[in-house]
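Some notes on the structure that comes next.
The values are calculated or read from the model by the stated rules, or taken from the named source; none is laboratory data. Since this is a predicted model, take the numbers as computed values, not measurements. Note that we place each Cβ from the backbone using ideal geometry, even for glycine, and neighbour counts take in every protein chain shown.
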Amino acid sequence: MTTRSQTPEIETTSGSINIDIQALARKKMAIVSWMQPGENVITTQTQKYLLKACIKSLSNIDGIKIYVNNQAMNDVTTRGLKPKKGQCNGKYYQKEVSLLKGINQVTLEVTNLAGKIVSEPRIINYIPKVIDTLPNISEQAKNGQFYALIVGVGDYVDASIEDLSNPVKDAQQLYNVLTNQYKFAPKNVVFLKNPTRSDLVNTLDEMQKMVKEEDNFLMFYAGHGYWDKRINTGYWLPANAKKESTANWFRNSTMRDYIASIKAKHTLLIADACFSGGIFQTRGLVDNDAPIAIKELYRSPSRTAMTSGSLSEVPDQSVFLKYLIKRLKENQQTYLSAEKLYSSIKEKVIGESPNHQRPKYGVISQAGDEEGDFIFIKKK
C-alpha cells in the first residue's frame, strides 16, 4: 500500500519512506559564502576588484547577477562559475568588477530552481591612489624669494604708554633664526626697531614694489596693541603713538589692505598683539606631513595670520614668542608649514602663559587667500 504525505516529495510504501531528492533540491535555495572580500568592510586603492565566492546549490545554478549600490552590473549569467576549488565545497565563482569612487555595496543574486537569493552585502571603499604630479617645493620656489618685515616696538615717546623691554629682543631673535636657518637672505629682510607710523607705512610701500607674485612675504610685529570693542577694531601702537589720540596708531584693517596689495604667492603675518575681528577667520587644521600635501599647500596662494590670541594686553615676556622661536630653531624638517608650526606650540602657550592666552591661526579675509599655506624652507 502506498500513501502520500502532505509533502509531495515524500511518499510511504508498505511502512517505508521514499524521498524524491530531485524534488527537494528544486526547493532548496543556493547558499553564498564570500571568499573575497573576506571582511564585511574593506578599503582598496585599485578600481578593478576581483570578487570571489563559494556557491552551494543542490540544483543547477541558472545565473548570477552582481549588484553595486543596488545597480545591476551584468546580465544574468553563469560565466565565472568553476568547479569547487580549495576550501570551497561547491561551485567556485570569480568576477572582476569596476568600482565607483567611494562606497560600493556589493551583493550577489544567485538563481537556481528554487528561486533567487541575495548574498550578504560587502562594503568596498574605493579611494583612488593619489598620483603625485606636482613639482617639488624646491622646483616651485626656485624663482621666488623670501622677504620679511620684522617690527619690534618697546620704546614709546608718550610717557603715558608703558615701555616694553622684550619686543625688540624677540624680533632680533626671529631675525637671526630666519636669516641663519631658513631661506631668508639678509638683503631681503627689513628689521625696524621702534619705528614711527610713517616708518612703517614707508617700508610697507617699498615692500609693495619689491615683492613679486612668485615670492613669499612674512610680516612680524611685537609691541603694544589695543582692541577697541566699541568699533570692533584693533590697532598696533608704533613708537610715536599717543595714548589719547589714534592719529599715529596703525589699524589692523590697514595692515590687511597692505597684505592684499603685496602680490606675494604666500603671505604670513605673525603678531604678538591683537589682530582679530571680522578680518581674521580661524580655520580647521589639517595634520598632514605627507610630501604631496606640503606641495599642494605651497602651490595654492595663501594669506594667513598667527597671533598670540589675546585682545587684551599680552605680557612683556611673551610665552607665544618663546615657543615660536624655539620651534623654528629646533625644527629638523626641510619644509615646515605655518599651520604645523602653530599646532606644535599652541598647547604649550595656553598652558604656560600667565593669562592663559590662546594663540590663533587662520585666514586674513578679503586679502586673496586660496587655502594654501606659508612654508618655511630650511637652508641646506
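Things worth noting here:
- Hey, GLN173 assigned to a helix (DSSP H, G or I), loosely packed, with under 14 Cβ neighbours inside 10 Å and polar (S, T, N, Q) or not: no
- Subset of region 214-246 [free of Cβ contacts under 8 Å to residues at least 40 places away in the same chain and of a type in the set (Val, Ile, Thr)]: ILE231, THR246
- Within region 111-122, residues that are in the same structural domain as ILE64 (by TED's automatic domain parsing) and surrounded by 14 or more Cβ atoms within 10 Å (Cβ to Cβ) sit with their Cβ atoms under 6 Å from residues that are aliphatic (A, V, I, L, M) and at pLDDT below 90, at 6+ positions apart or across chains, in these pairs: ASN112/ALA30; ASN112/ILE61; ALA114/MET29; ILE117/MET29; ILE117/ALA30.
- For SER365, the stated conditions do not hold, so it cannot be described as modelled with pLDDT of 75 or more, among the hydroxyl-bearing types (Ser, Thr, Tyr) and within 21 Å of VAL168 (Cβ to Cβ).
- Against the numbered list (1) at pLDDT 90 or above; (2) surrounded by 18 or more Cβ atoms within 10 Å (Cβ to Cβ), GLY277 comes up short only at (1).
- Residue match in region 220-233 (condition: at positive phi and polar (S, T, N, Q)): yes
- Exclusive hit being among the aliphatic types (A, V, I, L, M), under 25 Å from MET255 (Cα atoms) and at pLDDT below 85, set LEU269, LEU311: LEU311
Residue by residue, here is whether (1) in contact (Cβ under 8 Å) with a residue 40 or more places away in the chain; (2) closer than 14 Å to LEU297 by Cα; (3) not in a strand (DSSP E or B) holds:
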position: ARG327; (1), (2), (3): no, no, yes
position: LEU336; (1), (2), (3): yes, yes, no
position: ILE345; (1), (2), (3): no, no, yes
position: GLY351; (1), (2), (3): no, no, yes
position: PRO354; (1), (2), (3): no, no, yes
position: GLN366; (1), (2), (3): yes, no, yes
position: ASP369; (1), (2), (3): yes, yes, yes
position: ILE377; (1), (2), (3): yes, yes, no
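- Single residue of LYS142, LYS129, LYS85 found to be part of a loop (DSSP other than H, G, I, E, B), at pLDDT below 90 and touching a Phe, Trp or Tyr at 6+ places or on another chain (Cβ under 8 Å): LYS85
- Count - residues of region 199-256 that are touching a Gly at 6+ places or on another chain (Cβ under 8 Å), closer than 26 Å to TYR182 by Cβ and surrounded by fewer than 19 Cβ atoms within 10 Å (Cβ to Cβ): 2
- Residue in region 35-55 that is modelled with pLDDT of 75 or more, farther than 20 Å from PRO121 by Cα and among the charged types (D, E, K, R) present: no
- Some residue of region 177-187 being of a type outside the set (D, E, K, R) and under 25 Å from THR246 (Cβ atoms): no
- Tallying residues that are surrounded by 13 or more Cβ atoms within 10 Å (Cβ to Cβ) and either not assigned by TED's automatic domain parsing to the domain that holds GLN45 or not charged (D, E, K, R) (or both) within region 72-102 yields 15.
- Residues in region 327-366 that are more than 19 Å from GLN181 (Cα to Cα) and polar (S, T, N, Q): SER343, SER353, ASN355, GLN357, SER365, GLN366.
- Flag if ILE231 is in the same structural domain as PHE250 (by TED's automatic domain parsing), in contact with a Lys or Arg (Cβ under 6 Å, 6 or more places away or on another chain), closer than 25 Å to GLY309 by Cβ and in a loop (DSSP other than H, G, I, E, B): no
- GLU109 vs. criteria over 33 Å from the mean Cα position of the chain (by Cα), at pLDDT 90 or above and not in a strand (DSSP E or B): no
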